[in-house]
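Working notes, structure below.
The values are calculated or read from the model by the stated rules, or taken from the named source; none is laboratory data. As the structure is a prediction and not an experimental result, all values here were calculated from the model. Positions of Cβ are generated from backbone atoms using ideal geometry, with glycine treated the same way; all protein chains shown enter the neighbour counts. Remember, those area values only see protein heavy atoms, side chains included, never the ligands or the DNA or RNA. Shrake-Rupley method; radii C 1.70, N 1.55, O 1.52, S 1.80 Å.
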Amino acid sequence: MDSMQFLSWACIVFTVGMFSTGLTDLKRMRVSKSAEDIQFLPFLTTCLNNLGWLYYGILKTDQTIVLVNVIGALLQILYIIMYLYYTNQKRLVMSQTLAAGAVLTCGWFYFTKFLPEGDTRLSQLGLACSVVTVSMYLSPLTDLVQIVRTGDVKCLSFPLTVATFFTSTSWVLYGLQLNDYYIVVPNSPGIFTSLIRLYLFWIFVPVNQSSPAYKPMQI
């Protein structure tokens, strides 16, 4: 197995593992018959992100990107359906889902009808996907500020933090091998934010030994 095959499999295994952390929330919904205390928007935005990268992988004819994002999109769709089933705010969830569908449709129409096939379409799609991915990685930074103030890391998921670190690292190395900075750049913040979270665990977990060090949370 050469380095590209190894990195390809690493990207697949770590990314699918990261997406699968949402199964914890799925189990909680099934047991409690409720979606209370579980956030919906991370499922929806991750699904949109997966579909964008899926299109990028198809245009680039990269089977690794395609496979990972097919699995990721299917998992997110499952989470969305189950959330809709168990939530008491069905009207709000449906409106958010329809709004996301409208954004997705407008994006597909723009990239397929207004941009020529080839490098222009691929580069603009890569840029759009990169912006969304960077935003998703950086969005929890406000929570990290609160954790530093309170010294309480119970709102963080240690398994998800580790999975995010290895996922981001594998994609950065994979992108470097391909000289594709639309893969490298958006995954670099994932390494940075994961290291910050691991550092917070190292600092604050000994203080909280009497209580669980983390609880699972959705991606």
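Numerical summary
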read-out	value
Test: residue in the range 76-84 that is over 30 Å from PHE204 (Cα atoms), in contact with a Ser or Thr (Cβ under 6 Å, 6 or more places away or on another chain) and crowded, with 17+ Cβ neighbours inside 10 Å	yes
Lone qualifier among SER95, SER32 - being open to solvent by 50 Å² or more (accessible area, probe 1.4 Å), over 22 Å from VAL132 (Cα atoms) and among the hydroxyl-bearing types (Ser, Thr, Tyr)	SER32
Count - residues of the range 160-188 that are in contact (Cβ under 8 Å) with a residue 24 or more places away in the chain, open to solvent by less than 60 Å² (accessible area, probe 1.4 Å), farther than 15 Å from MET4 by Cα and not β-branched (Val, Ile, Thr)	6
Residues within the range 61-71 that are buried (at least 18 other Cβ atoms within 10 Å of the Cβ) and either of a type outside the set (A, V, I, L, M, F, W, C) or modelled with pLDDT under 95 (or both), tallied	3
Residue among LEU115, LEU104, LEU92, LEU75 that alone is more than 16 Å from ASP180 (Cα to Cα), aliphatic (A, V, I, L, M) and part of a loop (DSSP other than H, G, I, E, B)	LEU115
